[in-house]
Structures are given as C-alpha cells and as structure tokens.
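Down below is the structure, laid out as structure tokens.
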Ligand code: HEM
Ligand code: FES
C-alpha cells in the first residue's frame, strides 16, 4: 500500500521473520499504520476518515446481531422489531446503536466530504481517491435507504414507494425497472425480502471500496490544511504515535456524543410515523426521508414544472441525481491551481455560502411543499448547481490567491513564530483523511 | 524458454485464433444466459401476477361518498360524485389540463381527458380510479386541494374532481383501470 517510502519493518521474533517471508501482512500493517509518514500539520477535520472506519465496523457488528432477531416478512417485520425493543436482552440498545449509528455515520461522512471540498483534496493526483469516496457515499445512501425500510413502519413503506418511484420516471423502461426493484406493482413482501438481502450485502461492498480508497490514499499521501505537497522529511511525522493518538482522541469525543444520543434522545433523528405499522392504503400526512437525504429531497421537489420535452417528474429526478453526479466531476470543475481554501479568499467565502445553501435545502426538505418553500427549494437548487458549474470553474481563473509558504514546515514555523522542533508536538497529524 | 519459442513457431496461428474466438463467444453467450435468471427472478412472481380481478358491491355508496378497495396491491377508489363535482369536472377546458390524455384503460390510449372520458358510458357520476399519485406513488387525500379533488401530501400534486392533474410535480392524470358495472350495484375491476 505504501507507494512512497521504503519499508523499515524489521521483525524481531523468529515467528515474525517466518511469517514475513511467507505472507508479509504484518509488514503491510506496519508500513501503513505505524511508520507511515503523515503531514505534521493535520487538524481535527482530518480525523473523520478514522471515525468513518470505526462506524462501518460498528454498523456491521450491530447489524449482524440484529439480523439474528429480525424477521424479513411483511407480516412479521414490524412486530419482530418491537420484539427486539422489548424482549431481546439489550435489544433496545443494539437497535438504537444501529439506527442512531446510521445517522452518525452520515454526520461523519458529511464532515469528511466538506473537509475534502474545503482543502481541495480532490485535485490531482487524488481524483480517483475522491471518486472512490463518492462511490462509498452512494453505497451508503443505498444501504441506509434499504435499512430504513426493514422496520416496516409507515415511513419505511412510503419512503420505499417514493424512492423506487424515481425509476418510473425513466422513459419507456421506467415502469419495468420499478417493478424489477420492488417485485410487484406496489411495495410489498417481495420488496422487503430483497431489501433485507441487499442491506446485508452492501456494507461488505462498502468495506471493499474502503480498502481501495485507503490504497489510493497511501499512493498519493494525505493532503493537509496548506494544500502544499510534502517536500522533505521535516514536513511529516510517523503515523504512530502522532496520528493514532489524535484519531483515537477524536473517536472518543465522537463516541461520547453518539452515546448521548443513544441513551437520552434515541429517536430525535427519527420520525414518529415509523412507530405505526406500514399501511399500503394510507399515506401519512407528510412524507419526509431521514435527515441525511433532506437536501436532495428538496432538490427533487423543486421541479414542479415541465422543462421543454422533459416532464416535471423526470426533471426532478434528473436534477436530484445530477446533484450527486456533480460531486464526481468536481476535480475537473475546479480550475484553480491552488489546493486549499486557506489561500483562496473568494473560494473560502463561496464554500461557506455553499454550506449555508445545503443546510437551507435540508431545512426546506423537511417542510411541507406549500407556500414559500417550493420557491426556496428552487432557488437553493439553482445555487447548488451554480456553485459547481459556474463559481468553481470561473473562480479558479479570476481569483488572486494569497501568498503561500514554500513548504509545510515553513507554514508551521510562521504560525508558531519560532522553532520547528520538536516536530510533532504542536502539529499533530492523522490518516485516512 | 527457447523450447517454447520453438514450439510457438510451429503452431498453426489460425487454429489458435479460432480457439480464442470460439472460447470467447461461448463464454459471452454463457455469461449472458446465466445472468438472465438472476435478473428475471426480480420480476413480479406468479402469485403477484395471479389473475387480479375484484368484484365490489357498491349498493351502500351514497352520492358524495366513496369506497376504497385493494387491487394488485394498490388502492382503487370508487366514488359516486356529487352533481357539483360532476359539473366542475365538465366545465374545465382541455387546454387548461396539464395532461390532456384520458389515461382510461377502457378507451383508446389517445382519448382526450374530458370528464366523460374519465368514466364509462352511462355511469358518468361514478369515478373508478387507481388512487395512486402519478408522481412517485403516494396515495393522495380525497376531497382536498385547490381543485376540490385530490391532494397528494408527498410533494404537493393537486388533482381535480375527475382525478386529472392540475398542479404540482405529477405528470399524468391518475389511471382509470379496466372496469365494468356487471349489474346495477356491482363493479368488477380488472
Ligand atoms: C453501512 C452500514 C449500515 C447502515 C448505514 C445501516 C443502516 C440502517 C438503518 C438506517 C436501519 C433502520 C433503523 C431503524 O429505524 O430501525 C437499519 C436497520 C437494520 N439493519 Fe442496518 N445498516 C448498516 C449495516 C447493516 C448490516 C451489515 C446488517 C447485517 C445484517 C444490518 C442489519 C439490519 C437489520 C436486521 C435492521 C432492521 C432492524 C431495525 O430496524 O433495527 N445493517 N440499518
Ligand atoms: S407522490 Fe404525489 S406529489 Fe409526489
């Protein structure tokens, strides 16, 4: 995995040497997570890669255990989840770890992605690394969507109806694809069964893509807040202990907040309608997806009019999927040679406006589609697109960047106004950005 | 390795090419024919497709009331419309409609969406309709919205008293299934 450096691993024991000569897995681990050099100036925004890995493991662990008590049948599912809550020993805890865990997984991935957008992590030579990240994000969304269907509450059912309905917008083959997805003319037992199967499978596919993601990371190395590439040995510190400690500390703080939600407000991020069993003949008075889908939901609902030959339904679906496609091509939309927003005063401003826009879209997505909200959703969606398609390309051409230091070491020295040693102390690092 | 190289020279190139192409072609056909059952199993199964017809006794439905039955997993509303609703449905100009096609399985697929074409002859007061929003499949609420017909809570589509889309993201009028009055009081859907 370590494309940049020579291995310094020297097995100390006889067994170590024996294994090393046959399958050097300990060497790979040592080179990737002990000796691996990381920029010395990484901040806490860079700890979310590690947190995400932890959350994936946690979701798989709690999920596998929940599956031992869960019945994937539309007559039994709702009650089996109630059974997990009331009868299974510690079932309530495991379920809340899983359901709240999904939300915290998304909190972490959004911070991780915004970190990438702020520090320009997607620029050459890290385009593939970025795209692999976008694929993980897509898989996460699919996994979480299908997981939310499993408890078979009203929101599960109607969320599944609306989201599989996206596919019926595709001209000609749309209805066929939708029936293929739900295995019938409406969401029902076949849908629940296949979603359970896929919900079990996808997290392991995510784990596979994570391996590729970290591989690509260890070829290019991490970025850092200055956006300047590592040039000399004084620019880096070894992964252990510097990154391990910083990552570990961030994980503990993150888990404390996570635990607070699990124990005190486990349903804060959920929806009351999902405590009502699915009823195929009655739509709840409002349908809202889980919070992490709200900005996209707002974009979907923003299109209430036909655009030329494209009807409003297809238009909404295209604009919504397009908003995710834009993420994939960001490396080629941003024309600036400067990587980090720290040295791009205008980009920094527009970055925060973009964050505000996404938050606003999320808020609108949770509101009923009446009054001022459709208009706000439309404006927010237009700004979202303009950010990627106009602001990013144009800004790179006209913006005057701030003066940049020559190296990471120089940047750290300037900031601390003094000695650069000892290297790690003031500038703790981490990994898996 | 020289032995191999020598062997290569004596090999008949045409025979090897033939084996390459033949293996490749059989492989592709084989992969495709194995892939198909994996896709096909996802389609609605026999129990789902099993002949779906329901007979409904509508003798208890008064003017202004409606009845909902489940057909192919979807709700079908049978509404005995009031005179006012009927009148409202008839006065709408076709040019005001977002979707000018009747979407009535009992009529040709290009029939215009007049109020009468949303029903069957002689039973114009009865609206029998798949009560599923043509946007993303929610069930709209009856007797609501700006047009006194249906309002979809999901993304705000509004339908009139004949179930025709008037406003919002839904592209089409709600579907009229195949149905027939088999007697004065019995409707057969499907
Ligand atoms: C990427 C990792 C995963 C994510 C983001 C995720 C997400 C979710 C979500 C959002 C729910 C609905 C929670 C609720 O409201 O009750 C759920 C339910 C469920 N998940 Fe997962 N999940 C993941 C991995 C797994 C794995 C690996 C399994 C193993 C089989 C699993 C098994 C289940 C089961 C059995 C349920 C239904 C019980 C319940 O609703 O609590 N999950 N998942
Ligand atoms: S499903 Fe009815 S408006 Fe979207």
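Residue A:229 to residue A:201: FRET efficiency via 1/(1 + (r/R0)^6), r the Cβ-Cβ distance, R0 41 Å, to the nearest 0.05? Working from the Cβ atoms, E equals 0.60.
Of the residues A:303, A:353, the one with the fewest other Cβ atoms within 10 Å heads the list, and the complete ranking is A:353, A:303. For the stretch B:61-145, the calculated P(r) over all alpha carbon pairs, in 5 Å bins from 0 to the bin holding the longest distance, is 3, 13, 21, 27, 24, 10, 2 percent. Determine the shielding of peptide B:39-50 by partner chains: average, over its residues, the number of Cβ atoms on other chains within 10 angstrom of each Cβ. If you average over the peptide's residues, the count of other-chain Cβ atoms is 4. Taken residue by residue and averaged, Cβ atoms of other chains lying within 10 Å of the Cβ of B:158-168 number 1.
Pairs of Cα atoms under 8 Å, at least six residues apart: use those to get the relative contact order of chain B, whole percent. Mind dumping the intermediate values first?
Working: 309 pairs, mean separation 35.8, N = 190.
The value is 19 percent.
Mind ordering A:326-335, A:51-60 by average Cβ neighbours within 10 Å, highest first? Don't skip to the answer; put the middle values down first.
Values: A:326-335: 17.3, A:51-60: 19.4.
Ranked from most to least packed, the peptides come out as A:51-60, A:326-335.
Could you tell me which of rounded, prolate or oblate describes the stretch A:239-343, using a ≥ b ≥ c as the square roots of the eigenvalues of the alpha-carbon gyration tensor, with rounded for a/c under 1.5 and, failing that, prolate when a/b is larger than b/c and oblate otherwise? Because a/c hits 1.5 or more and a/b fails to exceed b/c, the stretch A:239-343 counts as oblate. Sorting B:45, A:357, A:20 by the number of Cβ atoms found within 10 Å of their own Cβ, with the fewest placed first, yields B:45, A:20, A:357. The shape of chain A comes out oblate: with a ≥ b ≥ c from the C-alpha gyration tensor, a/c is at least 1.5 while a/b does not beat b/c.
Return the average number of partner chain Cβ atoms within 10 angstrom of each residue Cβ along peptide A:176-186. Numbers along the way, then the final one.
Working: counts 1, 1, 1, 4, 6, 1, 5, 6, 9, 10, 9.
For peptide A:176-186, the averaged partner shielding equals 5.
Annotation: average projected area of the stretch A:40-287 is 15.4 square nanometres, based on the convex hull of Cα atoms across all directions. Peptides B:154-164, A:243-253 ordered by packing proxy, namely the average of other Cβ atoms within 10 Å per residue, highest first: B:154-164, A:243-253.
In the calculated pair distance distribution of the stretch A:237-300, what percentage of Cα-Cα distances lie above 20 Å? Don't skip to the answer; put the middle values down first.
On the way: 1164 of 2016 pairs.
Across the stretch A:237-300, Cα pairs with separations above 20 Å total 58 percent.
A helix-only calculation puts the protein assembly as shown at -16000 deg cm²/dmol for mean residue ellipticity at 222 nm, using -39500 (n - 2.57) for each DSSP H run of at least four residues, averaged over all residues. Taking the C-alpha atoms only, the angle from helix A:91-118 to the longest principal axis of chain A is near 60 degrees. Across the stretch A:288-402, Cα-Cα distances exceeding 22 Å account for 38% of all pairs. Can you compute the modelled spin-label distance between residue A:385 and residue B:144, with each label point 7 Å from Cα toward Cβ, in nm? Here the modelled spin labels are 3.0 nm apart.
Rg and Dmax over the alpha-carbon atoms of the stretch B:33-190 stand at 16.6, 59 Å.
Values quoted throughout were computed directly from the atomic coordinates according to the rules given, and no laboratory measurement underlies them. Please read these numbers as outputs of a predicted model, since none were measured by experiment. Cβ coordinates were reconstructed from backbone atoms using ideal geometry, including for glycine residues, and neighbour counts include every protein chain displayed.
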